[in-house]
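The values are calculated or read from the model by the stated rules, or taken from the named source; none is laboratory data. On a predicted model such as this, the values are computed, not experimentally measured, just so you know. So basically every Cβ, Gly included, is an ideal-geometry build from the backbone, and we count neighbours across all protein chains shown. Heads up: the accessible areas ignore ligands, DNA and RNA and are worked out on the full protein's heavy atoms, side chains in. Shrake-Rupley method; radii C 1.70, N 1.55, O 1.52, S 1.80 Å.
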Amino acid sequence: MKFKEYLFQKIIPTYFMLVTFLVLFIWLAGRTLEPDKQSGYDVLMSPLIYAGLGILPDIFQYSRKEHNMRQTIIRKIIQVCVLIALILGFSFAIGVITNWIVAVTIFCGILVIDGILEIILWRIDLHTAQLLTQALSRLDEDEQD
């Protein structure tokens, strides 16, 4: 897969899904951890920034060659570890993490959002593979006739 295809098929959809899930997570975490706190409009930028950080490991994971299952799993584990380090490090640097409960909440949120994203992306890839298989089957049947 060329980088341009990778960008439009994986990175950009992932970014917008991340923004959506981050808005939901920030709202839920805020309502749970600090229900009385009121935030200004600047809080609306945080999902965009965190989603930008969230796709950085995906961008650097790009490869032209296919990987076997073991390599894919190892790369995904490394990607999640880098993602956790980026998000927690950034959150700590800007003062979002004020105690260990916030850090654990963000950590769990990262794992849940990443898991949901992986399931969605896997379902999209599965659907694409099924469509290609059906098209190839029809092509094979047409050639046999």
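Observations
- Accessible area, probe 1.4 Å, largest first, for residues 112, 102: 112, 102
- 3J(HN,Hα) along segment 61-75, derived from phi through the Karplus expression 6.51 cos²θ - 1.76 cosθ + 1.60 where θ = phi - 60°, amounts to 8, 4, 8, 6, 9, 6, 10, 6, 4, 4, 5, 5, 5, 4, 4 Hz, with x in place of Gly and Pro.
- Surface composition of the chain: carbon plus sulfur atoms contribute 68% of the solvent-accessible area (1.4 Å probe, protein chains only, all chains present).
- Per-residue SASA remark: residue 123, around 140 Å² accessible (1.4 Å probe; ligands, DNA and RNA not included).
- Under the simplified labelling scheme, the residue 102-residue 144 pair shows an inter-label distance of 6.4 nm, with each label point 7 Å from Cα along Cα→Cβ.
- Couplings 3J(HN,Hα) of segment 131-140, computed from phi: 5, 5, 4, 5, 5, 5, 5, 5, 4, 5 Hz, in residue order, whole Hz [Karplus 6.51 cos²θ - 1.76 cosθ + 1.60, θ = phi - 60°; x for Gly and Pro].
- Of 131, 18, 119, farthest towards positive along the dipole that unit charges on Lys, Arg, Asp, Glu beta carbons give the chain: 18
- For segment 109-119, the Karplus equation 6.51 cos²θ - 1.76 cosθ + 1.60, evaluated at θ = phi - 60°, returns couplings of x, 4, 5, 5, 5, 5, x, 4, 4, 4, 5 Hz by residue, with Gly and Pro reported as x.
- For segment 81-140, the C-alpha radius of gyration divided by 2.2 N^0.38 Å, with N the number of residues, is 1.83.
- Rolling a 1.4 Å probe over the protein heavy atoms gives the chain an accessible area of 73 Å² per residue.
- Student exercise, segment 1-60 dipole from Lys, Arg, Asp, Glu Cβ charges, in Debye to nearest 20: 240 debye
- Farthest toward positive dipole pole in segment 1-89 [+1 Lys/Arg, -1 Asp/Glu at C-beta], among 7, 71, 85: 71
- Long-range amide H partners of residue 97 with built H, under 5 Å: 92
- With R₀ fixed at 35 Å, the C-beta to C-beta distance from residue 7 to residue 31 puts the FRET efficiency at about 0.50.
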